[in-house]
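Following: one structure in structure tokens, then a few remarks.
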Amino acid sequence: LAKTTQPISMDSYEGQEVNITCSHNNIATNDYITWYQQFPSQGPRFIIQGYKTKVTNEVASLFIPADRKSSTLSLPRVSLSDTAVYYCLVSTLNTPLVFGKGTRLSVIA
Amino acid sequence: NAGVTQTPKFQVLKTGQSMTLQCAQDMNHNSMYWYRQDPGMGLRLIYYSASEGTTDKGEVPNGYNVSRLNKREFSLRLESAAPSQTSVYFCASSEAQNYGYTFGSGTRLTVV
């Protein structure tokens with residue numbers, strides 16, 4: 001399974017764009033990159049998934065370079081309600097998701 | 001649409017007691033999972049069931065047993081609780097093992 005590395009924590013002010021980068025050097029050809037968000041006292045919830053280039057939805061954007069050895073989750077104009085832990089995962093076919101410790105994002109007013 | 005329902009939400013056990021955590025999903029998902037989360041840690045997979053009738057060990061299965069009762073329900077049993085099993089337990093389900101997980105709200109278990 002491909003291991004992921006991401007910062008332990010990040011701080012941001014409200015209204016700023018936040019970029020969280022994750023490295024996954026040994027990602028396999030058929031693997032996808034998936035991000036989950038977890039608020040305190042709740043289970044994680046799916047944010048976004050991609051294979052290469054750029055994916056955007058109503059919550060976030062995901063940028064994946066051509067070599068796919070890293071990815072960046074971009075949260076536009078964060079608010080206090082975006083304070084959460086963000087997990088970067090490599091999704092392998094027929095294999096359960098493995099969660100690391102994630103990145104704890106604190107948004108400051 | 002309830003999604004994934006876990007019961008109970010809170011439980012305190014004495015060392016050596018047994019209990020079963022219940023999980024049910026109403027999304028007709030094939031796969032179900034049990035994770036535990038300790039303070040400051042990510043989620044660790046205890047057991048999973050890729051489809052009805054199958055179960056497999058995850059990263060930390062010792063001290064636990066599971067039953068995939070039917071497609072909807074997946075229970076986790078602690079036969080003899082230990083303080084090291086104090087944790088928040090999350091159940092999840094998905095259509096495929098590597099995609100589209102929906103998590104329950106968790107069971108906070110304390111073993112004293």
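Quick notes
- Rounded to the nearest 20 debye, dipole of the range B:1-103 from Cβ charges on Lys, Arg, Asp, Glu: 220 debye
- Taken along its three principal axes, the alpha carbon spread of chain B comes to 37, 24, 22 Å, from the longest extent down to the shortest.
- Spin-label proximity, residue A:109 to the range A:10-44 - amide N less than 18 Å from point 7 Å beyond Cα toward beta carbon: A:12-16
- Modelled this way, with points 7 Å down the Cα-to-C-beta line, the labels at residue B:108 and residue B:28 are 3.6 nm from one another.
- Centre-to-centre separation between the Cα atoms of the range A:35-106 and those of the range B:7-56: 23 Å.
- FRET efficiency for residue A:66 and residue A:3, using Cβ-Cβ distance with R0 set to 25 Å, rounded to 0.05: 0.75
- The Cα-based radius of gyration and maximum Cα-Cα distance (Dmax) for chain A are 13.3, 42 Å.
- For the protein assembly as shown, the spherically averaged projection of the C-alpha convex hull amounts to 12.1 nm².
- Sequence of A:103, A:21 once ranked by neighbouring C-beta atoms within 10 Å, starting from the fewest: A:21, A:103
- Using a simple spin-label model with pseudo-atoms 7 Å out from Cα toward Cβ, residue A:41 and residue A:14 lie 2.2 nm apart.
- Neighbour cut-off at most 10 other Cβ (10 Å), DSSP loop, trypsin sites (Lys or Arg not before Pro), the range A:15-107: A:77
- Fewest-first sequence of A:89, A:105 by Cβ atoms within 10 Å of each Cβ: A:105, A:89
- For chain B, the relative contact order comes to 36 percent (Cα pairs under 8 Å, sequence separation of at least 6).
- Chymotrypsin sites (Phe, Trp or Tyr not before Pro) within the range A:42-109: DSSP coil, no more than 15 neighbouring Cβ in 10 Å: A:51
- Extent of the range B:30-73 along its three principal axes (Cα atoms, max minus min coordinate, largest first): 33, 18, 12 Å.
- Inter-chain neighbour count for B:90-98: the average number of beta-carbon atoms from partner chains within 10 Å of each residue's beta-carbon is 4.
- Test item: A:98-107 mean partner chain Cβ contacts at 10 Å: 3
- Measuring nothing but how far apart in sequence close Cα pairs (under 8 Å, 6+ apart) lie, relative to its length, chain A scores a relative contact order of 36 percent.
Readers should treat all values here as calculations from the given coordinates under stated rules, not as data from a laboratory. Since this is a predicted model, take the numbers as computed values, not measurements. Note that each Cβ is placed from the backbone with ideal geometry, even for glycine, and that neighbours are counted across all protein chains shown.
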